[in-house]
Amino acid sequence: MIRITDTVKHLVIINVLFFIGAFVVAKSGINLTEHLGLFFVKNELFKPWQFVSTMFMHANINHILFNMLALWMFGSAIEQMWGRNKFLFFYFSAGIGASLIYTLANYLQFQNVYDNLISAGLTATDISSILETGSYNTSILKYVSQESMNAFYGIFNTPAVGASGAIMGLLVAYGMLFPNSELMLLFFPVPVKAKYFIPVLIGLDVFSGLTGISIFSPNNTAYWAHIGGALIGLLMMLYWKKTQFNKNRWN
């Protein structure tokens, strides 16, 4: 069993405290997700700090359990090799990068639907009403699909939460540092080497992000956050490998 390292342990504790705290303050009528979850940039609830704070918020018990299990399993091995500061720099870089790429992907999708609605004759006030109420005249479905309208409303109103983007960055790092380590899924208990397992896992996220078809994850999974975290992790690992920085500890 992998020994949990100090930094990973502290991150797990902080995430658990935020998770419990969200339920405690909810009893007083305070929705912590409205302040710390990542909202769409055009939503009035969006705040810049949410690019970081979203990493400490989770939707439900399964969400936080899977993320913290992955953080312990992969993060501890990486921290042992890199040291605390280098690990934290990588972790937060992947997490913030995931938030930024997720936001960019949402912005492009949102703006495409917005432009189509304007072309269909709707005004900015009409569109604001749709985003506020979720109601609209079904005649606009001649110009924009029902699926696109659902996504349009969801992007604007649904905050993203979770450390998954940072975790995906760690997965990439783990696969490159320990390529022959054997991993397995709970529902597919056959050991597969990390150098094969992790690219397939990321490939499934790319497929789901492009098609909207969920394979193993819940339908509301922020696939582009996963992809963003993996991409930032990959770019950092390639750069560090090129500069030999990957061989240095950073305590």
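The values are calculated or read from the model by the stated rules, or taken from the named source; none is laboratory data. All values derive from a computational prediction rather than experimental measurement. So basically every Cβ, Gly included, is an ideal-geometry build from the backbone, and we count neighbours across all protein chains shown.
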Checking the structure you have, find out if any residue of region 108-121 is within 15 Å of Val161 (Cα to Cα), aliphatic (A, V, I, L, M), part of a helix (DSSP H, G or I) and free of Cβ contacts under 8 Å to residues at least 12 places away in the same chain. no
What pairs come up if the first residue lies in region 226-237 and is touching a residue at least 60 places away in the same chain (Cβ under 8 Å), the second is among the charged types (D, E, K, R) and in a helix (DSSP H, G or I), and their beta carbons are under 8 Å apart, counting only those six or more places apart or on different chains? His226/Asp205; Ile227/Asp205; Ala230/Asp205
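Quick one: which of Ser99, Ser28 is at pLDDT below 95 and either among the hydroxyl-bearing types (Ser, Thr, Tyr) or in contact with a helix residue (DSSP H, G or I) (Cβ under 9 Å, 6 or more places away or on another chain) (or both)?
The conditions single out Ser28.
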Where residues in region 138-160 are without any contact (Cβ under 8 Å) to a residue 24 or more places away in the chain and among the hydrophobic types (A, V, I, L, M, F, W, C), which of them is surrounded by the most Cβ atoms within 10 Å (Cβ to Cβ)? Ile140
Is it fair to say Ile127 is more than 30 Å from Ile64 (Cβ to Cβ), out of contact with any Lys or Arg (no Cβ under 9 Å at 6 or more places or on another chain) and modelled with pLDDT of 95 or more? yes
Looking only at region 134-181, count how many residues are small (Gly, Ala, Ser), out of contact with any helix residue (DSSP H, G or I) (no Cβ under 7 Å at 6 or more places or on another chain) and either closer than 24 Å to Asn15 by Cα or not in a helix (DSSP H, G or I) (or both). 2
Considering every residue within region 145-159, establish whether at least one is modelled with pLDDT under 90 and in contact with a strand residue (DSSP E or B) (Cβ under 7 Å, 6 or more places away or on another chain). no
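Condition test on Asn180, is it modelled with pLDDT of 85 or more, surrounded by fewer than 13 Cβ atoms within 10 Å (Cβ to Cβ) and not aliphatic (A, V, I, L, M)?
yes
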Given the condition within 24 Å of Ala105 (Cβ to Cβ), in contact (Cβ under 8 Å) with a residue 12 or more places away in the chain and in a helix (DSSP H, G or I), answer yes or no: does some residue in region 13-25 qualify? no
Kindly indicate which of Asn67, Asn85 is in contact with a His (Cβ under 7 Å, 6 or more places away or on another chain), of a type outside the set (D, E, K, R), surrounded by fewer than 20 Cβ atoms within 10 Å (Cβ to Cβ) and assigned to a helix (DSSP H, G or I). Asn67
Within the group Phe46, Phe89, which residue is closer than 26 Å to Asp205 by Cβ, free of Cβ contacts under 8 Å to residues at least 40 places away in the same chain and of a type in the set (Phe, Trp, Tyr)? Phe46
